[in-house]
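Here the structure comes first, spelled out in C-alpha cells, and everything after it is commentary.
The values are calculated or read from the model by the stated rules, or taken from the named source; none is laboratory data. Here the structure is a predicted model, which means the values were calculated and not measured. As a convention, Cβ positions derive from the backbone with ideal geometry for all residues, glycine included, and neighbour counts pool all protein chains shown.
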Amino acid sequence: MRYRTLEHTADVMVEAYGDTLEECFANAAFALTDQMVDASQVLPRDMREVFAEGDDRESMLYNFLSELLFIFDVSGMVFSRFEVRFEGCKVLCKAWGEPFDPLRHRPRNEVKAVTYHMMMVDPNNRSVRLVLDI
C-alpha cells in the first residue's frame, strides 16, 4: 500500500509509507495526484524534473508537493510515477506523466493547496502525513 486517507473534518488527510523517506515522498506525490484524478489512468509518457528545498523535512515535503500542484495548475500535467532523492535539504524528483485529460483521468477533488496543518515526517516509521485543502 502506497498511502491511505485518514478521517478529517473538511479536507483530505493522507498518510504515505515507504521503505525510505524518499519513497514516502514519492508515495505522497502519488497520493496528491490520486486525490485530484484517477492516478491509475495516468500514463508515464513524459518525464519532468521537479526540484524543491526546505529548512527541514516538513518544509521539504510541503514545497515539493506544492511544486507538483503548481505544475498541474499551470501546465495541466499529472504524474503517476516518481523517483525522489535528497541532496541535503533539496528534493530532486523525476516525475512521469502526461497532460490532464478529463475524459480519461476521471477528476476527483480540486486540491487548492498543501497545508502544514498536522504535517509530519517520521523517519523512524518511514511515513509522512499531510492535509490537502480541497
Check whether at least one residue in segment 80-88 is in a loop (DSSP other than H, G, I, E, B) and over 15 Å from the mean Cα position of the chain (by Cα), and report yes or no.
yes
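Going by what's in this entry, would GLU98 be described as touching a residue at least 40 places away in the same chain (Cβ under 8 Å), assigned to a loop (DSSP other than H, G, I, E, B) and among the acidic types (Asp, Glu)? Working first, answer last.
Numbers: touching a residue at least 40 places away in the same chain (Cβ under 8 Å): yes; assigned to a loop (DSSP other than H, G, I, E, B): no; among the acidic types (Asp, Glu): yes.
Taking the combined requirement at face value, the residue does not satisfy it.
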Evaluate segment 64-76: report whether one residue or more is part of a strand (DSSP E or B) and closer than 22 Å to HIS105 by Cα.
no
Cβ-Cβ distance below 6 Å, separation of 6 or more or different chains: which pairs start in segment 110-134 with a residue that is over 12 Å from TYR62 (Cα atoms) and end on one that is of a type in the set (Ser, Thr, Tyr) and part of a strand (DSSP E or B)?
SER127/TYR17; ASP133/THR115
For the list (1) under 19 Å from ASP122 (Cα atoms); (2) of a type outside the set (S, T, N, Q); (3) modelled with pLDDT under 95, I need the number of the one condition that ASP19 fails.
(3)
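Before we move on, is SER80 out of contact with any Pro (no Cβ under 6 Å at 6 or more places or on another chain) and hydroxyl-bearing (Ser, Thr, Tyr)?
Numbers: out of contact with any Pro (no Cβ under 6 Å at 6 or more places or on another chain): no; hydroxyl-bearing (Ser, Thr, Tyr): yes.
No; evaluated as a whole, the condition is false for this residue.
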Would you tally the residues in segment 32-62 being buried (at least 20 other Cβ atoms within 10 Å of the Cβ) and part of a helix (DSSP H, G or I)?
9
Filtering segment 25-55 down to residues that are in contact (Cβ under 8 Å) with a residue 40 or more places away in the chain and among the acidic types (Asp, Glu) yields ASP34, ASP38, ASP46, GLU49
For segment 4-16, give me each residue that is modelled with pLDDT under 75 and either buried (at least 18 other Cβ atoms within 10 Å of the Cβ) or among the small types (Gly, Ala, Ser) (or both).
ALA10
Check whether at least one residue in segment 105-123 is out of contact with any Asp or Glu (no Cβ under 9 Å at 6 or more places or on another chain) and closer than 15 Å to GLU23 by Cα, and report yes or no.
yes
